[in-house]
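J.: To start, I am sharing the structure in question, which I have written as structure tokens.
The values are calculated or read from the model by the stated rules, or taken from the named source; none is laboratory data. Just so you know, these numbers come straight off a predicted model, no measurement behind them. A quick note on method: Cβ atoms are made from the backbone with ideal geometry, for glycine too, and the neighbour counts reach across all protein chains shown. Accessible surface areas use protein heavy atoms only, side chains included; no ligands, DNA or RNA. Shrake-Rupley method; radii C 1.70, N 1.55, O 1.52, S 1.80 Å.
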Amino acid sequence: MLDITVKRFNEIDTDELYQLLQLRSRVFVVEQACIYQDLDGKDQKAIHIIGKKDNRIVAYTRAFTAGDYFEQASIGRVVVSDQERSHGYGKVIMEASIKAVEEVFKENTIKLSAQTYLKKFYNSLGFKAYGEGYLEDGIPHIVMLRN
């Protein structure tokens, strides 16, 4: 079971920051072989949805209010540790992220820049694809919205 917390950037302690950046780097840069600037200067504006198991961060997202990243509220950097993907934690962290956006930002429309292969997963959470696919950092993506 995941222990979920929602924190603003200044509420994250240094150990949590190290763990979440390590997880993002391990999955997005190393596992997906994608060289990109993860530390984009936007974490300070986001709320961070952190999923811990045995006091280790194994699932994570960050979310923004409308206008801070996209025109709509948004969720990004959706990640689950490769050792923990068989437990349904992706769904758990996304459900917690949707709830956080609705409660913290009072927003119901949420935008994702989703990796295309995860389209069915996001559909199951109420997101619908819009427009044509595109490459982001060399990986196929699609815009998805949830109203």
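J.: Are there strands (runs of 3 or more DSSP E) fully within region 68-143 with at least 3 residues that are within 14 Å of the chain's Cα centre (by Cα)? List them.
T.: Working: elements: 73-80, 110-115, 128-136.
Passing ranges, in order: 73-80, 110-115.
J.: Name the residues in region 113-145 that are aliphatic (A, V, I, L, M) and in contact with a Ser or Thr (Cβ under 7 Å, 6 or more places away or on another chain), would you?
T.: Ile142, Val143, Leu145
J.: Okay, next question. Within region 81-91, restricting attention to residues that are in contact (Cβ under 8 Å) with a residue 24 or more places away in the chain and not aromatic (Phe, Trp, Tyr), which residue is surrounded by the fewest Cβ atoms within 10 Å (Cβ to Cβ)?
T.: At the first step, the residues of region 81-91 found to be in contact (Cβ under 8 Å) with a residue 24 or more places away in the chain are 81-84, 89-91.
Filter once more, so that each one left must be not aromatic (Phe, Trp, Tyr): 81-84, 90-91.
Working: Ser81: 18, Asp82: 12, Gln83: 10, Glu84: 16, Gly90: 20, Lys91: 14.
Ranking the qualifying residues of region 81-91, first place goes to Gln83.
J.: Looking only at region 69-80, which residues are open to solvent by 10 Å² or more (accessible area, probe 1.4 Å), within 15 Å of Val30 (Cα to Cα) and aliphatic (A, V, I, L, M)?
T.: Of everything in region 69-80, just one residue is open to solvent by 10 Å² or more (accessible area, probe 1.4 Å), within 15 Å of Val30 (Cα to Cα) and aliphatic (A, V, I, L, M), namely Val80.
J.: Where residues in region 39-63 are under 16 Å from the mean Cα position of the chain (by Cα) and free of Cβ contacts under 8 Å to residues at least 24 places away in the same chain, which of them is surrounded by the most Cβ atoms within 10 Å (Cβ to Cβ)?
T.: Within region 39-63, the subset under 16 Å from the mean Cα position of the chain (by Cα) is 39-52, 57-63.
Keeping just the survivors that are free of Cβ contacts under 8 Å to residues at least 24 places away in the same chain gives 39-41, 62.
Values: Leu39: 9, Asp40: 10, Gly41: 7, Arg62: 23.
Of everything passing the filter in region 39-63, Arg62 is surrounded by the most Cβ atoms within 10 Å (Cβ to Cβ).
J.: Where residues in region 58-67 are part of a strand (DSSP E or B) and of a type in the set (A, V, I, L, M, F, W, C), which of them is farthest from Lys7 (Cα to Cα)?
T.: In the first step, residues of region 58-67 are kept if they are part of a strand (DSSP E or B); the result is 58-64.
Right, trim to of a type in the set (A, V, I, L, M, F, W, C) and you get 58-59, 63-64.
Working: Val58: 16, Ala59: 14, Ala63: 10, Phe64: 12 Å.
Taking the candidates together, the pick is Val58.
J.: When only residues in region 100-147 that are among the basic types (Lys, Arg) and free of Cβ contacts under 8 Å to residues at least 12 places away in the same chain count, which is surrounded by the most Cβ atoms within 10 Å (Cβ to Cβ)? Give the steps one after another, and end with the answer.
T.: Going through region 100-147, the residues among the basic types (Lys, Arg) turn out to be 106, 111, 119-120, 128, 146.
Filter again for free of Cβ contacts under 8 Å to residues at least 12 places away in the same chain, leaving 106, 120.
Numbers: Lys106: 10, Lys120: 7.
Ranking the qualifying residues of region 100-147, first place goes to Lys106.
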